[in-house]
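First up is the structure itself, then whatever we jot down about it.
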Amino acid sequence: MQFETPGGNSITLSEEDKAIKISDQNGNKIEMTQDGITMESSKAITLKAGTEVKLESGTSFAAKAGSEMKLESGTSFAAKAGTEMKIESGTSLGAKGGTELKLEGAAGAELSSSAVTKVKGSLLKLN
């Protein structure tokens, strides 16, 4: 069953394909099939909630940006991995604490460089 407007908006309900497809004249699409749900926009997608937004996956979660990705929180931000977490940059990586920066390893910690390694502070305390 298909509903279509003269302007190019359509809704398709298909028992044969086991799918529901919605598309508009702007190139935006939502497809619900036996493989999952796909949302596609010719421009931007905005999700906004009055209290919270939760995203959850049973196995893996991936996010990719073509040029820039930003994560921002008004008060606190936490990231946690069950076994291993990696942060990597192609050229440089900076970490800054407004008043204090603390890096800690329960069984060990290592700071290394194949070039010059600098440790600076108004007072430097080792052990």
Quiz item: Scanning for something under 30 Å from Leu123 (Cβ atoms) and within 15 Å of the chain's Cα centre (by Cα), does the range 38-56 turn up at least one residue?
Solution: no
Quiz item: Does Ser57 satisfy being loosely packed, with under 10 Cβ neighbours inside 10 Å, under 30 Å from Phe3 (Cβ atoms) and of a type outside the set (D, E, K, R)?
Solution: no
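Going by the structure shown, is Ala63 surrounded by fewer than 13 Cβ atoms within 10 Å (Cβ to Cβ), among the aliphatic types (A, V, I, L, M) and either in contact with a Cys (Cβ under 8 Å, 6 or more places away or on another chain) or more than 30 Å from Gly82 (Cα to Cα) (or both)?
Working: surrounded by fewer than 13 Cβ atoms within 10 Å (Cβ to Cβ): yes; among the aliphatic types (A, V, I, L, M): yes; either in contact with a Cys (Cβ under 8 Å, 6 or more places away or on another chain) or more than 30 Å from Gly82 (Cα to Cα) (or both): no.
So Ala63 does not fit the description; no.
State all residues of the range 69-81 that are farther than 15 Å from Gly98 by Cβ and over 11 Å from the mean Cα position of the chain (by Cα); if no residue qualifies, say none.
Scanning the range 69-81 gives Ala78, Ala79, Lys80, Ala81.
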Quiz item: Which of (1) closer than 30 Å to Thr12 by Cβ; (2) assigned to a loop (DSSP other than H, G, I, E, B) does Thr91 not meet, given it meets every other one?
Solution: (1)
Quiz item: Can you name every residue in the range 1-54 that is among the small types (Gly, Ala, Ser), part of a strand (DSSP E or B), exposed (fewer than 13 other Cβ atoms within 10 Å of the Cβ) and touching a residue at least 12 places away in the same chain (Cβ under 8 Å)?
Solution: Ser14
Self-check item: Among (1) in contact with a Phe, Trp or Tyr (Cβ under 9 Å, 6 or more places away or on another chain); (2) modelled with pLDDT under 95 - the single one Ala78 does not satisfy
Solution: (1)
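The values are calculated or read from the model by the stated rules, or taken from the named source; none is laboratory data. Keep in mind it's a predicted model, so treat the numbers as computed, not measured. Every residue, glycine among them, receives a Cβ derived from its backbone with ideal geometry; neighbour counts consider all protein chains shown.
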